[in-house]
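Read through the structure below, which is laid out as structure tokens, and then see the notes.
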Amino acid sequence: MPDLFAPLPLAHGRPLPNRLALAPLTNRQSHADGTLSEAERTWLLRRARGGFGLTMTCASHVQPNGQGFGGQLAIHSDVFLDGLTSLATDLRETGTRSAVQLHHAGARADRAEVADPVSASELDGARALTTEEVQQLGADFVAAAVRAERAGFDGVEVHGAHGYVLTQFLSAETNRRTDAYGGSPENRARLLLEVLAGIRAACGPDLQLGLRLSVERFGLRTLEVRELVEELYRRAELDYLDLSLWDVTKHSVDEDAQRLPLLELFAELPRGDVRLGVAGKVRTPADAAAVLERGADLAFVGRAAILNAEFADLARDPAWEPEAGPVDAGYLAAQDVSPPFVDYLRSNFRGVVTP
Ligand SMILES: Cc1cc2nc3c(=O)[nH]c(=O)nc-3n(C[C@H](O)[C@H](O)[C@H](O)COP(=O)(O)O)c2cc1C
């Protein structure tokens, strides 16, 4: 069996101490103005101390109008540097590697927070960005990465998944632009590729750069995403790719991409020094070992890490049986999951909290 606890060298910076990563998890525990709260710090630090090799923040918005959720951690201004710096410092002391997930919700911005939602093209009441605004959006992703680096994080993960702004650009269904950022697959990927190249150019040689992608739905075609991934591997700017599969055993919904399960469909591509991580229903140490066996380098753990703060340390015991939920709010409080996070889980994800 592959060893979950073998360190994972990355192309930049220090190796991950092991192959278990805390998935990015929106938790709505930050202050209303986007500054870090004690609840958010405590929740993340507990998982870092619990042994995760990579501890990732929730999606953090890179522009004010990219806010997707109330209580979201923000990274769009130096105003947030103090909180981010203290979080990065605390995380570093645990021995984990740390990353901020860089996010812009685009047309999925929270209307209670954002008056002028924007997207690639008009979508759900959001207006299309001008070409200059697209370039500013790219620059603001880069500025946020520089900010994360200044704060002391080991890296950033660009959130290109789940139908948020970068997906809205990638998808031919939601991107109907006629400038250089729309049309061909190359043009629809231009903003994303500019963001990644911009981060590499603006940050130091040790910054660990990850990218989360969806590989189906949201108007995406799996085989087109696979071609994009081949290009990303050729460019070799990434330290890791994080495929959000929602179920690591599933096949694509696209009929022309069902030759192999999604994990294998991407793992078979030669990837050089770029590491491949996957997320989706990794609930037990055996599930995590299985994704490595199938060709991934890194297992991202979401709900099982909410339910089991010490998932990574406890996974060393083959006989350990993780809590699978649903659990009550008292159980979650003891796992350092505070009431706003419990409410968010209850209203958006079945099977974690008892109704
Ligand atoms: C409460 C919750 C919040 C999430 N927030 C984010 C997020 O901020 N960014 C992101 O890319 N994915 C987010 N996801 C998706 C997770 O990172 C993960 O990919 C997904 O939950 C599947 O993994 P799991 O089955 O281990 O939970 C979230 C999922 C949950 C359950």
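The values are calculated or read from the model by the stated rules, or taken from the named source; none is laboratory data. What you see is a predicted model; the values in this text were computed from it and never measured. Please note: Cβ atoms are built from the backbone with ideal geometry, for glycine as well, and neighbour counts cover all protein chains shown.
Before moving on, here are some points about what is shown:
- Residue count, the stretch 224-259 (criterion: outside any helix (DSSP H, G or I), away from the ligand (no atom under 16 Å from the Cβ) and of a type in the set (A, V, I, L, M, F, W, C)): 2
- Sub-8 Å Cβ pairs linking a first residue in the stretch 296-325 that is modelled with pLDDT under 95 to a second residue that is not charged (D, E, K, R), at least 6 apart or interchain, are P318/P285, ordered by first then second residue.
- Residue that is surrounded by the most Cβ atoms within 10 Å (Cβ to Cβ), among those in the stretch 28-73 that are of a type in the set (S, T, N, Q) and closer than 26 Å to R316 by Cβ: T57
- The listed residue being within 16 Å of the ligand (Cβ to nearest atom) and either farther than 26 Å from D239 by Cα or not acidic (D, E) (or both), out of R108, R97, R92: R108
- A144 vs. criteria over 18 Å from L22 (Cα atoms) and either among the hydrophobic types (A, V, I, L, M, F, W, C) or touching a strand residue (DSSP E or B) at 6+ places or on another chain (Cβ under 6 Å) (or both): yes
- All helices (runs of 4 or more DSSP H) inside the stretch 277-355 with 1 or more residues being surrounded by 21 or more Cβ atoms within 10 Å (Cβ to Cβ) and under 18 Å from the mean Cα position of the chain (by Cα): 285-293, 303-307, 339-348
- Unmet requirement for L129, which otherwise passes all of (1) out of contact with any Pro (no Cβ under 7 Å at 6 or more places or on another chain); (2) away from the ligand (no atom under 16 Å from the Cβ); (3) touching a residue at least 40 places away in the same chain (Cβ under 8 Å): (3)
- Only a single item in (1) surrounded by 15 or more Cβ atoms within 10 Å (Cβ to Cβ); (2) away from the ligand (no atom under 16 Å from the Cβ) is not met by H103, and it is number (2).
- L207 vs. criteria more than 25 Å from A304 (Cβ to Cβ), surrounded by fewer than 24 Cβ atoms within 10 Å (Cβ to Cβ), in contact with a strand residue (DSSP E or B) (Cβ under 6 Å, 6 or more places away or on another chain) and of a type outside the set (K, R): yes
- Qualifying positions in the stretch 12-37 - among the aliphatic types (A, V, I, L, M) and more than 25 Å from G280 (Cα to Cα): A32, L36
- The one condition in (1) touching a helix residue (DSSP H, G or I) at 6+ places or on another chain (Cβ under 7 Å); (2) within 30 Å of E133 (Cβ to Cβ); (3) within 16 Å of the ligand (Cβ to nearest atom) that T35 fails to fulfil: (3)
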